[in-house]
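The values are calculated or read from the model by the stated rules, or taken from the named source; none is laboratory data. This one's a predicted model, so the numbers in the text were calculated from it and none came from an experiment. Please note: Cβ atoms are built from the backbone with ideal geometry, for glycine as well, and neighbour counts cover all protein chains shown. What goes into the accessible areas is simple: the full protein's heavy atoms, side chains included, and nothing from ligands, DNA or RNA. Shrake-Rupley method; radii C 1.70, N 1.55, O 1.52, S 1.80 Å.
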Amino acid sequence: MINRVRRLRKERLMTLEALAERSGVTKSYLSKVERGQSVPSIAVCASLAKALEVPLDSLFADAEELSEVTVTRAAERQALTSPDEPGTRYEGMALDAGAKSMTPFMLHPPLDDGPSPFRDHPGEEFVFVHEGRVELILPSRVITLDRGDCAYFKATTPHRLRSLGTRRATVLLLVSHDHDTPDDARPPYSHLP
């Protein structure tokens, strides 16, 4: 993804400053992303994709590789974060699919609630617990989800997940793209790194 952000930015003749301003991400953080020193959250990726005017999944797959039907075998899921990542670990699925209205991920939320910030972004999210137990933490309440449980919510609601128990849970996450919300009605991204 690192080279894709840089390549897409350069293809659009955008400076780091311009992309930082359009995405609401700081220039220093964006520079770290492009150099591979930092792995952005899904919310930051969504913001970058919007600023670059590309689908979210194009940050993870080359446009030339996209196809109409995509099968992702379990062993072929692409790690989007390091296995040593203390925060949420993401695995990409269906990255080679053509234009779509949602992007699927397998994620493994951290075990502790630590200092991880709430995330929010345009669109909607669907969370399905495949293995383990998780807490969906919202500003107003905490919802425990067991294996087989799911939650669907507006992604503009600040949220975060954490695994319960001794092992990280495995969660299917579907992120929909909000194509109908005008730019000036979307929430600011000042809370993002």
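If Lys and Arg each add +1 and Asp and Glu each add -1, what is the summed charge of the other residues whose beta carbon sits under 13 Å from the beta carbon of residue 36?
That sum, taken over residues with Cβ under 13 Å, equals +3.
Please compute the net charge surrounding residue 148, taking Lys and Arg as +1 and Asp and Glu as -1 over other residues with Cβ under 15 Å from its Cβ.
In short, -1.
Which whole-angstrom value gives the distance between the alpha carbon centres of the range 16-30 and the range 140-179?
28
Set the Förster distance to 30 Å, then compute FRET efficiency between residue 149 and residue 84 from the Cβ-Cβ distance, nearest 0.05.
Step by step, r from the Cβ atoms, then E = 0.60.
In terms of solvent-accessible area of protein heavy atoms at a 1.4 angstrom probe, what is the ranking of 7, 35, 147, highest value first?
147, 35, 7
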